[in-house]
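One structure is given below, encoded as structure tokens.
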């Protein structure tokens, strides 16, 4: 009896070691033409979350329903002038630690009668490739050879709103403005606009985000190499996160 129990324990342990080995081997994850790991199936995505819960994608509005989403790429109100996401998509995703940090940002702003409006968060890798075909300028659009923080679920484009009026605070330019006036270092603006940008920047940094110099609305979680590029549809992710 003892020998059977020992054999059973040994077999289970070996199976766990084998599963762990397979799950952590980078060469079993699919590579794209640029040599980047690109996750294209929910099954593969789920396998990456088994050993690391931080890899999980979280539906932002499920975590905090007070955060407003206005996804410009789910309409024609964007620099591409076409719908890049399914029309009227009203949900998006971020990796677990990023979503939790954004929740803290929202709670902090609410103490001032303010809140967040998100223009974009998760972005399928296929969309990034289409952006690059139109705008070959990595100051404003991610090069597919490197991938985007949006593809990894760690970047968010956002602004601050007044909770009473639901109006956006004046940031000097709109979203996806590809001019110097949208840069973090641009100072030829009114005191009010500069104060609004500073509030957004300081609050995001306080909770762990890093700003992008060329876009006042763009903030990312550090250490992007820890997160793989995702090329999954919104609907597939929605089902996987329910």
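The values are calculated or read from the model by the stated rules, or taken from the named source; none is laboratory data. Remember, it's a predicted structure, so these values are computed and weren't measured experimentally. As a convention, Cβ positions derive from the backbone with ideal geometry for all residues, glycine included, and neighbour counts pool all protein chains shown.
Go through the stretch 202-225 residue by residue and tally those that are without any contact (Cβ under 8 Å) to a residue 60 or more places away in the chain, under 14 Å from residue 155 (Cα atoms) and in a helix (DSSP H, G or I).
Count: 2.
Given the structure, is residue 142 in the same structural domain as residue 224 (by TED's automatic domain parsing), buried (at least 21 other Cβ atoms within 10 Å of the Cβ) and either within 20 Å of residue 83 (Cβ to Cβ) or under 22 Å from the mean Cα position of the chain (by Cα) (or both)?
No.
Here are the criteria: (1) surrounded by 13 or more Cβ atoms within 10 Å (Cβ to Cβ); (2) touching a helix residue (DSSP H, G or I) at 6+ places or on another chain (Cβ under 9 Å). Tell me which single one residue 183 does not satisfy.
Of the numbered conditions (1) surrounded by 13 or more Cβ atoms within 10 Å (Cβ to Cβ); (2) touching a helix residue (DSSP H, G or I) at 6+ places or on another chain (Cβ under 9 Å), the odd one out for residue 183 is (2).
Filter the stretch 113-132 down to the residues that are in a loop (DSSP other than H, G, I, E, B) and touching a residue at least 60 places away in the same chain (Cβ under 8 Å), then identify the one that is surrounded by the most Cβ atoms within 10 Å (Cβ to Cβ).
Once the filter is applied, the top-ranked residue is 122.
Of all residues in the stretch 133-174, which are touching a helix residue (DSSP H, G or I) at 6+ places or on another chain (Cβ under 6 Å), touching a residue at least 24 places away in the same chain (Cβ under 8 Å) and closer than 30 Å to residue 56 by Cα?
Listed by number, the residues that qualify are 144, 148, 149, 151, 152, 154, 155, 160.
Suppose the filter is touching a residue at least 12 places away in the same chain (Cβ under 8 Å), within 17 Å of residue 234 (Cβ to Cβ) and under 19 Å from the mean Cα position of the chain (by Cα); does residue 90 pass it?
Against the criterion (touching a residue at least 12 places away in the same chain (Cβ under 8 Å), within 17 Å of residue 234 (Cβ to Cβ) and under 19 Å from the mean Cα position of the chain (by Cα)), residue 90 qualifies.
Working carefully through the options 115, 147, find the one that is on the phi > 0 side of the Ramachandran plot and in the same structural domain as residue 176 (by TED's automatic domain parsing).
Every option except 147 fails the conditions.
Of the conditions (1) closer than 20 Å to residue 176 by Cβ; (2) not in a helix (DSSP H, G or I), residue 73 fails just one. Which one is it?
(2)
Among the candidates 36, 63, 29, single out the residue that is in contact with a helix residue (DSSP H, G or I) (Cβ under 7 Å, 6 or more places away or on another chain), farther than 28 Å from residue 106 by Cα and surrounded by 14 or more Cβ atoms within 10 Å (Cβ to Cβ).
Answer to the check: 29.
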